[in-house]
Structure formats: C-alpha cells, structure tokens
Amino acid sequence: MTAPRTAPSPAPPIRDPRYEQLDRTISLHQRDGHALIEVLHTAQRLFGYLPPEVLRHVAHALKRPLSQVYGVASFYHFFRLQPPGEHTFVLCLGTACYAKGAPRLQRAVERRCGAPFGQTTADGKVTLLTARCVGSCGVAPLALVDDTVACWLTEGRAGALLDGWLGTEVAP
C-alpha cells in the first residue's frame, strides 16, 4: 500500500509590515468589535483603501462577520473600497457651491474625465469625489484639488487643472 500523497506546504507568506501595524491597532483596542470604525480608519491610512483581503483580516481579528465589516466600510463615505487615483478632485456640493454652479461643474468634470464622481478614471490618474460642505462658502464654488482649495471655480479653471493631470488639452 502506498502512502497518500500530500501537497507540498505552501511557502510562508511574506509578512506585510502594514498588517503588523494594523494588528497593533487592533490589540490596542483589545480586539473589541466596537472599535471597528477606528480599525478601518487605520487600515485605510496604511493601505490607501480597503481591499477585500484587509476587510477579511479585520473581520477575523475582531471576530465580526465579514458582512458587518463590509457593511460599515461601504456605508461611510470616507472609506474607499477601490484604490485611489494619483490625484484627487473633491467638489463641494454644499448650499453655496450648489447655488453658484457646482452641478454644472460636476457635469463638466465628469465629461472631461470620462468618469462619474465617486470613481477613478480608467487610467488611474484622478479620483473624483464630492463633499457635502467644505466650509469656505465665501469663495464658492470650490474644490479640493490634491488638498489645495481651488476657489471661485469655473468650468475652464477646473478643466485646466484636470488637463495637467490627464495630459490632455480639451476645450472647455
């Protein structure tokens, strides 16, 4: 009789130091599921977004169902489930910005980038996001352009900013 064949054991995974930092945060909160949002904030800071394997890791470490972890991550606007682009364009949709043309800007930016807000362009260059209010109503409409405030934004100025990132020269 021959011994049953066993598959060779897989090579041990290379340990990503970001997981070690995440595990420190989880331990700091004593693996308490009530710290889920804080743990997800740390995970996103470390990884740039929340990929499925990170969500599975958090669920396992906090002894929570994956559906609950995914539910929280997908409910809150702050969390990203897709990798961000090289640049970020956050359009304010607060009352003052809305009244001064933010919806028109939103449509123009989507046309220019070929992607809707809430997504990243196909080439990974620009992530388009919206914010409920940035708190700078006196300079509306505005956008946060890679964390810099672009005030009194027009379609032409928004297009020029995007063209620099996209490498295009499209008429507004």
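The values are calculated or read from the model by the stated rules, or taken from the named source; none is laboratory data. A quick note: this is a predicted structure, and the numbers were derived from the prediction, not measured. Every residue, glycine as well, gets a Cβ built from its backbone with ideal geometry; the counts of neighbours run over all protein chains shown. Please note that ligands, DNA and RNA were not included when accessible areas were found on the heavy atoms of the full protein model with its side chains. Shrake-Rupley method; radii C 1.70, N 1.55, O 1.52, S 1.80 Å.
Comparing Gln68, Gln44, Gln82 in a Gaussian network model of the chain where C-alpha atoms under 10 Å apart are linked, the largest mean-square fluctuation is found at Gln68. For Arg31 and Phe75, a Förster radius of 30 Å and the Cβ-Cβ distance give a FRET efficiency of 0.85, rounded to the nearest 0.05. With helices as the sole contributors, the chain gives -13000 deg cm²/dmol at 222 nm; each DSSP H run of n ≥ 4 counts as -39500 (n - 2.57), and the sum is divided by every residue. Taking amide H as placed 1.01 Å from N in the peptide plane, the amide H of Val149 sits under 5 Å from none that are at least 5 places away or on another chain. Surface analysis of the chain yields an accessible area of 62 Å² per residue, using protein heavy atoms and a 1.4 Å probe. Residues whose amide H falls under 5 Å from that of Leu129, counting only those 5 or more places apart or on a different chain, are Phe89, Val90, Leu91, Gly118, with hydrogens built in the peptide plane. Using alpha carbons only, the radius of gyration of the range 34-101 set against its Kirkwood radius gives Rg/Rh = 1.11. Under the simplified labelling scheme, the Cys151-Gln119 pair shows an inter-label distance of 3.4 nm, with each label point 7 Å from Cα along Cα→Cβ. Scanning the chain for chymotrypsin sites (Phe, Trp or Tyr not before Pro) in DSSP loops with at most 14 neighbouring Cβ atoms within 10 Å leaves 1-75 as the longest stretch between them. Carbon-plus-sulfur accessible fraction, the chain (probe radius 1.4 Å, protein heavy atoms only): 56%.
Give the Debye-formula value of log10 I(q)/I(0) at each listed q (0.16, 0.17 Å⁻¹), with one equal scatterer per alpha carbon of the range 80-171, two decimals each. Treating every Cα as an identical point scatterer, log10 I(q)/I(0) equals -0.56, -0.63. Across the range 86-99, coupling constants 3J(HN,Hα) worked out from phi with the 6.51/-1.76/1.60 Karplus curve, θ = phi - 60°, read 5, 10, 10, 10, 10, 8, 6, 10, x, 4, 5, 5, 4, 5 Hz, and Gly and Pro carry x. Compute a Gaussian network model of the chain, connecting alpha carbons closer than 10 Å, and tell me which residue from Pro141, Pro17, Pro116 fluctuates the most. Sorting by GNM fluctuation, first place goes to Pro17.
Only one of the listed values, [x] 16.0; [y] 18.6; [z] 16.6, was derived from the coordinates as Kirkwood radius over Cα pairs in Å; which label is it? Only one listed value fits the structure, namely [y]. Bridge orientation summary for the chain: considering DSSP beta bridges with both residues in this region, about 55 percent are antiparallel.
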